[in-house]
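To start, the structure itself, in C-alpha cells.
The values are calculated or read from the model by the stated rules, or taken from the named source; none is laboratory data. Because the structure is predicted, anything quoted here is derived from the model rather than measured. Methodologically, a virtual Cβ is constructed for each residue, glycine included, from the backbone with ideal geometry; neighbour enumeration extends over all protein chains shown.
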Amino acid sequence: MPIDRFDAAILGAGVSGLASAYFLARSGLRVCLLDDYPMPGGNHISRDFSGFTFDIGSIFFYPGNPQFKMFPGSDADFVPVDLTLGRITPQGHIRSYPLSIKDEILKQPWRFLRFALSLGRQKFLGGPGTNAESYAIYYLGAYLYRESGLRNYLLRFYGIDPQTISLHFVERRMNLTRLTSLRRAAQDLVKRMRRNPAAAVKPHAIARPVGGFSNHYKKVAEQLHSLGVEIRCAAGLKAVCKTPAGLQIDTACGTLFAKRVINTLPLQMVFGLLGSTQAVELSSTKLCTLCCSFAGDRGFKTVVLYNFHDKGAWKRLTMHSDYYGKHAGREFFDVEVTLGDKRPKAESLFEDFAAHTNQLGLFRGDLRLEGSMDLDFAYPVCDLKAEERRLRLIDLLAQSGIETIGRQGLFDYIPHSAIAIEAARERYGRDVPWVPYSGPPNGR
C-alpha cells in the first residue's frame, strides 16, 4: 500500500487550521488537514433539537472578516444581525455590556463622586498589578468594579478567583482603558444627545446560515480542495512520532508522513498523540450549552445577555430567534454554563437558570429545555501560571518537530476568528498576495 506524503499536515480543522492550510497551499505546498470531528469548522458546531437549530457558544462574524476574503461566497447565506449586548447587574437591572459609564456613573452625582474618589485612590496607590482583578480595579476603581458586577462575571467565566486570572485575559476580553476614559465618556454622551434617534446605527454583524454551520464549511472545504488541500475528517487520530523519513501520523484510516506538522488541537490532546508522559498542567474550561425555547414576555430586548449578577450559574445567553425568526411561534436561544470538575446534568443547570431568571422577572411564560451540548475544550484557562507552562510545552513540541498556532494550539485567549486568521497569515502567508482565490486556471 502506498504511503501518503505531504509537505505539511495540520492537526485540527478549526478556523486556525483552515487558514493555515489556505496560506500554505497558496504557497505551493501539498497540505493535508486532519480532524476527528466529522466536518471542518472546529468548535463551530450546530445541532437541531425539536426543529430549532442551536450552536455551541455565541458565534457572530463581521462582514470584513478575512475568512470571507479567503473563501469568497462562503458568506452568501449568512444572516444580518443588529447585534445588541446587555448584562444583568448585581442590582438586577439590564445595562449595556460590558459597562455603562452613563447609566452607572453620570446619571447620579453621588455615584460619580464615589467613582472618582475610588479611581483616584487606586491611581495613587500604584499600577495595574499582575492579575485580572488588580487590573480591573486599577482602571475602574474598587467601587465601579463591585457595582458593575464585573467580578461576578470574571468568576463565572473560568470558575476561578479573578485574583488568579492573568491580566492578559482581561486586556483582550474587555477594553477597560477606553471604557473608563471620562473624557471619552463625556464625548460619547454629547454625541448621543446630538444624534437624531431615527438615524441611530446599531452594531452590524452576520450569523451563520439558517440551517447551521455545515453548508458554510462545506463551501470552505470545496475551495481548499480546489487549492489541492486534502481534508480528512473523522480521521481517528492515533499517534504522531518523529522518524528519519519525517513526521509520521497514524490514523484510523492509515498512516501518512509530512515534512512538518502544525498543531491547532488542545495541547493536552497533542501530547497524548505523542505518547508523552509529560505533565501538561494546563486546564481548559468545560462548557455546557443549554438549548431553550420560549413563549411569553422575556423581559429584555438585547440579542445577547451576560450574567453579571451575583446568583445563577449561567454566564451568557444568545437569542437566535431575534435574527433567524421564531419557530412554531416560539423564540429560541442558547445559554452557556461553565463547568468545573463536576458535571451536573443539563436538567439541573436548566432548573437553576429558570429559577434565577424568574427571580429577576425574566422569561415569564413557557420556558423549555429542548436539548444540550457539552464541550470539553472551550477556553484555555489563563491563570497566573499558564504563561510559563504553555511556553515550556510549546518549546517541547517544537523539539518534536511540531509547530503550534491558534487558540488551542498556543493555549491562548484569542477573542475572535479574525485575529486567528491574521496570525496564520503572518506565520504562513507573508509572501501570499492577499486577494481572493478565484479557482484553478480555465475553471479546471
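The single condition among (1) modelled with pLDDT of 95 or more; (2) in contact with a strand residue (DSSP E or B) (Cβ under 7 Å, 6 or more places away or on another chain) that Asp352 does not satisfy is (2). Among residues of the stretch 266-294 that are farther than 13 Å from Ile402 by Cβ and free of Cβ contacts under 8 Å to residues at least 40 places away in the same chain, none has a beta-carbon under 6 Å from a residue that is of a type outside the set (D, E, K, R) and surrounded by fewer than 19 Cβ atoms within 10 Å (Cβ to Cβ) at least six positions away or on a different chain. Of all residues in the stretch 212-226, those that are in contact with a strand residue (DSSP E or B) (Cβ under 9 Å, 6 or more places away or on another chain), touching a residue at least 24 places away in the same chain (Cβ under 8 Å) and either surrounded by fewer than 18 Cβ atoms within 10 Å (Cβ to Cβ) or of a type in the set (Lys, Arg) (or both) total 1.
Quick grid of which residues meet (1) outside any helix (DSSP H, G or I); (2) β-branched (Val, Ile, Thr):
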position	(1), (2)
Val337	yes, yes
Pro344	yes, no
Glu347	no, no
Ala354	no, no
Gly361	yes, no
Leu369	yes, no
Met373	yes, no
Glu387	no, no
Leu397	no, no
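For the stretch 89-111, the count of residues that are touching a helix residue (DSSP H, G or I) at 6+ places or on another chain (Cβ under 7 Å), more than 29 Å from His327 (Cα to Cα) and of a type in the set (Asp, Glu) is nonzero.
Would the stretch 282-304 turn up any residue that is in a helix (DSSP H, G or I) and either more than 21 Å from Asn152 (Cα to Cα) or charged (D, E, K, R) (or both)? Taking every residue of the stretch 282-304 in turn, none turns out to be in a helix (DSSP H, G or I) and either more than 21 Å from Asn152 (Cα to Cα) or charged (D, E, K, R) (or both). Only one entry in Arg364, Arg389 is modelled with pLDDT of 95 or more and either in contact with an Asp or Glu (Cβ under 6 Å, 6 or more places away or on another chain) or in the same structural domain as Phe157 (by TED's automatic domain parsing) (or both), namely Arg364.
Would you say Leu11 is at pLDDT 95 or above and within 21 Å of Arg430 (Cβ to Cβ)? Against the criterion (at pLDDT 95 or above and within 21 Å of Arg430 (Cβ to Cβ)), Leu11 does not qualify.
Here Ala185 passes the criteria (1) among the small types (Gly, Ala, Ser); (2) over 21 Å from Arg316 (Cα atoms); (3) modelled with pLDDT of 70 or more; (4) crowded, with 16+ Cβ neighbours inside 10 Å except the one numbered (3). Taken as a whole, the condition of being modelled with pLDDT under 95, more than 22 Å from Asp374 (Cα to Cα) and more than 25 Å from the chain's Cα centre (by Cα) applies to Gly275.
Taking the criterion of being among the acidic types (Asp, Glu) and part of a strand (DSSP E or B), the residues of the stretch 1-40 that qualify are Asp4, Asp7.
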